[in-house]
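> I have a structure I would like to understand better, so I am pasting it below and will then ask my questions one at a time.
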Amino acid sequence: MPSLVGSEMCIRDRSYKRLAPFSNANYFERVFQITASDKQLKLLQNRIHPLLIEKSILVESHAIQPGAKLSSDFLSGYQYYLNYSGQKIFRDISDIESHEIVASKNSSINSLEITKSTNSDNEIIVAVIDTGVHRAHPELKDTIYQNKAECDEDGNVIPKPKKDNDKNGLIGDCQGWDFTAPKQFAHIVSDKIGHGTHISGIISAKNNENGIIGIAPNVKILPIQVFHQDDKSPFTFISTVTKAILYAVEMKAKIINLSLGWPYTLTPNTFKRALNFALSKGVVVVSSAGNDGNTQFIAPCALRGVVCVGASGIDGKLTTFSNKGLHVDLIAPGEEILSTFPLKATPSSFSVNGHDVLSGTSQATPMISGAMALLMDKKPGISADELYARLALSSLDISPIKGYESGIIKLDKAISTKEQAYIRPIVKDFQEILLFDGKTFKFNLHFKNYWKSANNIEITVQSKNSNIKIHNNSARFTSFKEGEIKDLSFDGEVISSNIHNELIFSISIMADGMNSFLREHKVELLNILSSKMIVENSKPLEVEPKDVLFYQGPELLTKLRTIQNFVKNSINKSYWYPISGGIQFISLNSSTESFVATSIKPENFSKILSIEERDFNYDGEDDYLLRYASKEKPEFIGYHYSVSYTHLRAHETRH
């Protein structure tokens with residue numbers, strides 16, 4: 001179902017409805033949701049000329065032996081992530097073999113004593129946008145937010161509400177809203193899957209001797225259901241998540257927990273608008289980094305302004321499944337996490353009903369949401385920037401995780417740390433650099449000071465590639481104010497014809513009174529070829545050259561995206577660029593500055609997600625695996641396998 005931006009005056013058909021009628025954001029007063037075929041959309045475009053049409057994209061969710069009891073809750077001894085007490089887990093090595101791992105002293109977030117001492121009446125709402133929540137769970141029922149205008153006298157959901165008492169367009173939204181259900185049932189949030197209930201328990205399970213204790217038990221959970229209750233594979237659409245974010249803002253949530261994600265390139269403008277609206281209202285948005293074990297950019301985690309969370313294990317190290325990279329902001333426990341689970345659901349890894357043990361960056365994310373809620377409770381009026389700075393500073397010098405400057409957040413230290421400067425680069429949305437004529441490039445980097453003003457700052461950016469040089473790579477400032485963002489420009493060149501598909505560079509930041517910062521970041525180099533390139537019928541592609549690009553002037557420059565090949569090193573490099581209905585492959589010979597090209601047009605192709613180049617069948621020639629969004633079935637991801645450019649049949653699989 002596409003989102004339509006246009007004029008309300010032109011809407012006549014019942015199939016049109018406002019995407020978020022409950023939101024007071026000006027932009028979303030002109031955004032409508034419709035159900036239409038491609039043919040109908042074309043007619044619609046010709047008739048009312050909408051500013052923008054975006055299709056809904058499918059989204060997926062990301063998913064012990066006890067030590068001493070940590071509280072009066074009888075299962076608290078299993079919660080190593082709150083405080084270390086000698087817990088153990090058995091990590092699978094194979095189908096029949098496992099290895100015992102004892103919890104590291106650095107594996108917890110040290111929150112228990114702070115959690116126990118929290119008795120504030122300050123109401124902090126955390127919106128959990130997920131599979132729903134089992135609202136009647138004994139450890140959660142007193143933490144569910146009540147929109148009293150829509151509840152009965154006892155604060156319960158009215159079974160068949162008749163009036164929209166708070167005039168937000170959602171009748172009966174007493175305890176959250178289900179954006180997947182028909183209107184007559186949408187006010188009754190449930191959770192047949194358990195993911196959202198598990199997330200909610202980590203944040204705010206009550207200290208009531210019924211099982212576990214949450215990080216911030218006085219927090220109120222606003223359950224917003226966006227995943228369809230499909231036991232085989234829960235799914236939702238980005239447009240549904242967009243509505244949920246706008247609803248969370250409308251209900252005055254201070255934190256939004258998004259333990260979900262999708263390929264970064266699929267993020268529509270409408271979602272970005274909703275995200276920016278939430279951030280402009282001071283809402284903190286926390287999201288999971290993904291469970292692919294690589295540096296891939298996942299949305300919404302890699303979008304600017306979102307707090308991106310990676311997962312550590314019981315051994316205090318980054319888990320093998322957690323995504324990583326400079327766009328990941330904080331790290332929290334995400335392995336073998338015990339939390340609440342729907343009473344009627346069957347736990348997969350725990351024997352006590354109403355609880356289960358799950359792993360993933362999904363579980364690490366509510367650790368940060370809960371920690372931030374607890375900080376808000378302890379320090380009323382704290383800003384989003386200071387929240388982030390305190391948590392990030394709390395993890396410095398405590399068992400740094402390889403590839404990161406820090407380790408796991410420590411909530412006790414976050415509360416007690418003194419005000420200080422915290423300057424960091426903003427690399428979200430920064431994934432590629434344009435390479436002109438295969439030699440020169442320019443790029444900008446943004447830096448932000450999240451807390452106390454700093455003096456005598458020096459920032460240095462250094463290439464880690466031996467054949468790539470960055471010029472004028474350092475900058476000095478006498479001052480850097482709190483909340484200030486500085487924009488620095490850099491330029492460089494490729495000084496040899498060796499492989500240069502990507503640029504790896506280090507970023508160093510030093511300032512008076514601030515711990516030094518040194519991290520690396522990797523971006524893709526996108527070649528822009530000039531008109532001097534000629535066609536060569538060379539061997540690598542073994543096809544007749546066709547559809548070769550020639551450029552008439554600088555206005556017609558075309559981006560070529562690199563196809564990564566981690567196996568071979570060669571002066572012949574492969575690139576691609578989008579064409580109507582598919583992509584064009586380019587094989588470039590750096591030494592002769594020549595190339596040949598061929599095109600591939602998979603069935604039901606909508607948008608390319610990734611391309612991998614490798615000799616899959618060991619015949620001595622490179623093969624290509626394409627992963628793309630399906631045009632006719634948005635809930636499917638398509639795969640196209642080509643053997644040395646001999647097209648084979650494309651297959652589709654549910655993502």
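> At a 1.4 Å probe radius, carbon and sulfur cover how many percent of the accessible area of the stretch 102-241? Working shown, then result.
On the way: 2600 of 5610 Å².
Of the solvent-accessible surface of the stretch 102-241, carbon and sulfur hold 46 percent.
> At 1.4 Å probe size, what's the solvent-accessible area of SER606? Round to the nearest 10 Å².
Using a 1.4 Å probe on the heavy atoms, I get roughly 70 Å².
> Here's something else I'd like to know. What does the accessible area per residue of the stretch 195-343 come to in Å², with a 1.4 Å probe and no ligands, DNA or RNA counted? Intermediate results must be reported in sequence, preceding the final value.
Working: 3730 Å² over 149 residues.
Result: 25 Å² of accessible area for each residue.
> Sequence gap at least 6, Cα distance under 8 Å: using those rules, report the relative contact order of the stretch 167-305 to the nearest whole percent.
Numbers: 184 pairs, mean separation 24.5, N = 139.
Averaging sequence separation for qualifying contacts and normalising by length gives 18 percent for the stretch 167-305.
> Quick one: what are the phi-derived ³J(HN,Hα) couplings along the stretch 336-344, Karplus 6.51/-1.76/1.60 with θ = phi - 60°, whole Hz, x for glycine and proline?
Result, rounded to whole Hz: 6, 9, 8, 7, 6, 8, x, 5, 8.
> Right, something else. If you rank TYR247, TYR639 by how much accessible surface each has, with a 1.4 Å probe, what is the order from largest down?
Details: TYR247 0, TYR639 75 Å².
The ordering from most to least exposed comes out as TYR639, TYR247.
> List the pairs from LYS88/LYS206; LYS379/LYS418; LYS317/LYS410; LYS167/LYS379; LYS252/LYS379 whose alpha-carbon separation is above 21 Å, in the order I gave them.
Details: LYS88/LYS206 24 Å; LYS379/LYS418 13 Å; LYS317/LYS410 15 Å; LYS167/LYS379 33 Å; LYS252/LYS379 18 Å.
The pairs that break the limit, which is 21 Å between Cα atoms, are LYS88/LYS206; LYS167/LYS379.
> Here's another thing I want to ask about it. Which one, PRO234, ASN276, SER312, projects farthest toward the positive side of the charge dipole computed for the stretch 206-338 from Cβ point charges (K/R +1, D/E -1)?
The listed residue farthest towards the positive side: ASN276.
> By per-residue mean of other Cβ atoms within 10 Å, what is the highest-first order of 269-278, 308-317, 79-88, 414-423? The partial results should precede the final answer.
On the way: 269-278: 20.7, 308-317: 25.0, 79-88: 22.9, 414-423: 17.2.
Ranked from most to least packed, the peptides come out as 308-317, 79-88, 269-278, 414-423.
> Using a 1.4 Å probe and ignoring any ligands, DNA or RNA, find the accessible area of ILE579 and quote it in Å² to the nearest 10.
Counting only protein heavy atoms, ILE579 exposes about 50 Å² to solvent.
> Can I ask one more? Sort LYS183, LYS17 by heavy-atom solvent-accessible area, probe 1.4 angstrom, most to least. List each step's numbers first, then the result.
Details: LYS183 165, LYS17 115 Å².
The ranking, largest first, comes out as LYS183, LYS17.
> Got a sec? What order do GLU113, GLU54, GLU139 fall in by accessible area at 1.4 Å, biggest, i.e. largest, first? Can you show the working numbers first?
Working: GLU113 125, GLU54 25, GLU139 0 Å².
Per-residue accessible area, sorted high to low, gives GLU113, GLU54, GLU139.
The values are calculated or read from the model by the stated rules, or taken from the named source; none is laboratory data. Because the structure is predicted, anything quoted here is derived from the model rather than measured. Please note: Cβ atoms are built from the backbone with ideal geometry, for glycine as well, and neighbour counts cover all protein chains shown. Heads up: the accessible areas ignore ligands, DNA and RNA and are worked out on the full protein's heavy atoms, side chains in. Shrake-Rupley method; radii C 1.70, N 1.55, O 1.52, S 1.80 Å.
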